[in-house]
1. Being among the polar types (S, T, N, Q), without any contact (Cβ under 8 Å) to a residue 40 or more places away in the chain, part of a loop (DSSP other than H, G, I, E, B) and farther than 16 Å from E165 by Cα, is that true of even one residue in the range 270-280?
2. Looking only at strands (runs of 3 or more DSSP E) that lie completely in the range 161-210, which have at least 1 residues being farther than 27 Å from T76 by Cβ and either modelled with pLDDT under 95 or not β-branched (V, I, T) (or both)?
3. What are the pairs with Cβ atoms under 7 angstrom where one residue, in the range 148-177, is at positive phi and the other, located anywhere, is part of a loop (DSSP other than H, G, I, E, B)? Sequence gap at least six, or different chains.
4. Within the range 148-175, track down each residue that is surrounded by fewer than 21 Cβ atoms within 10 Å (Cβ to Cβ) and not aliphatic (A, V, I, L, M).
5. Could you figure out which of (1) of a type outside the set (A, V, I, L, M); (2) more than 30 Å from N96 (Cβ to Cβ); (3) outside any helix (DSSP H, G or I) isn't true of E226?
6. Just to be sure before I move on: is L111 closer than 29 Å to L173 by Cβ and hydrophobic (A, V, I, L, M, F, W, C) in the structure I sent?
7. Kindly indicate whether any position in the range 45-52 is over 30 Å from I235 (Cβ atoms) and either among the hydroxyl-bearing types (S, T, Y) or modelled with pLDDT of 95 or more (or both).
8. Please state which of the following conditions G67 fails to meet, knowing it meets all the rest: (1) farther than 28 Å from G222 by Cα; (2) crowded, with 18+ Cβ neighbours inside 10 Å.
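The values are calculated or read from the model by the stated rules, or taken from the named source; none is laboratory data. What you see is a predicted model, and the numbers here were worked out from it, not measured in a lab. When we count neighbours, we look across all protein chains shown, and the Cβ atoms used for this are built from the backbone with ideal geometry, even at glycine.
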Amino acid sequence: MTRLWMVLWLFFFVAACFSAEEYAPVQTQVTDVRVYKPEQYLFATGARISNQLACYNLTLTQSKSDGSKPPQLSLTLDAGKFGFGPLVHFFKLRINGIDMRQLFTKAEDLLPWREKEQAGCVLKLNFDGVRFLLRLYLRPDSPVLWGSLQLADNSLEKLSDGDIEFTLIPSKLAMRGKQSVWQGEYARMVLTPVRLLEQTPQRIVLNPSDEYLIFQDRKFDGSTEEKGQGPCMIIMDYRGIEKATLRINDDWTSALYLKIKTENFKEFRFGLWQQEPRISNAEFARKIEAEKTAFKP
């Protein structure tokens, strides 16, 4: 009998060990990428960040001046057809009155980054002496693209003003025949841990209890292919943020606006999520409840 119990104990011990999910390492690559009309750009480089749960592709371009307009920096994220897709500038930054798109960068300013199990890329940004590091990365156990905007140690000038904007297309871009519909066809809403925010023409003021924002559409709920791709998500750390407001009106895009708390600013942390294939609003509600640790920083 004693031997039988030892065998059973060993069996359950081994089973428990193998039932714990093991995750593959995060893969990251920074390399040149193809763009439409490459002759218009000084460079086009990108980062592919993936794990067994998700894949995100970033593209950084620096356009050439055509004589009528100055060069422009562009940073786009491709995680699917909509959401934080290439149709929008998902992340905008304005520091001391200088728009990120006005910056002049080099391909070498986008570098691969790895720290223990986390891996991704880091982009160096210089706003006339106010220097930042924008880090985007994955963990092996999470489908969330985690981010950090950090004031660089070698920053030379004082940070006196700063604004961040995240822009996305929740679920679907409505069509009327073959024409895109920019307004009038949407039922946007945002779910936070503490409240449901309905579509409204006014900006909505957020507070730290709104730790995450699930952007979704009541009409395009992702339940079928015709009803879009489903929800997207932004996770926020309010430390370093003075004010946060939300735009969820009857529009093709939705946006989150953040005012940086400039005094003693060190870092702002966030997370972005969307998935391919399609997922419905109801399915994602069950997913986030069942996989809470994957959506926690």
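1. Checking the range 270-280: not a single residue is among the polar types (S, T, N, Q), without any contact (Cβ under 8 Å) to a residue 40 or more places away in the chain, part of a loop (DSSP other than H, G, I, E, B) and farther than 16 Å from E165 by Cα.
2. Of the strands (runs of 3 or more DSSP E) lying wholly inside the range 161-210, those with at least 1 residues that are farther than 27 Å from T76 by Cβ and either modelled with pLDDT under 95 or not β-branched (V, I, T) (or both) span 196-198.
3. S171/F82; S171/F220; S171/G222; S171/G228; S171/Q229; S171/G230; S171/P231
4. Result: S148, Q150, D153, N154, S155, E157, K158, S160, D161, D163, E165, T167.
5. Condition (3) is where E226 drops out.
6. no
7. no
8. Unmet for G67, out of (1) farther than 28 Å from G222 by Cα; (2) crowded, with 18+ Cβ neighbours inside 10 Å: (2).
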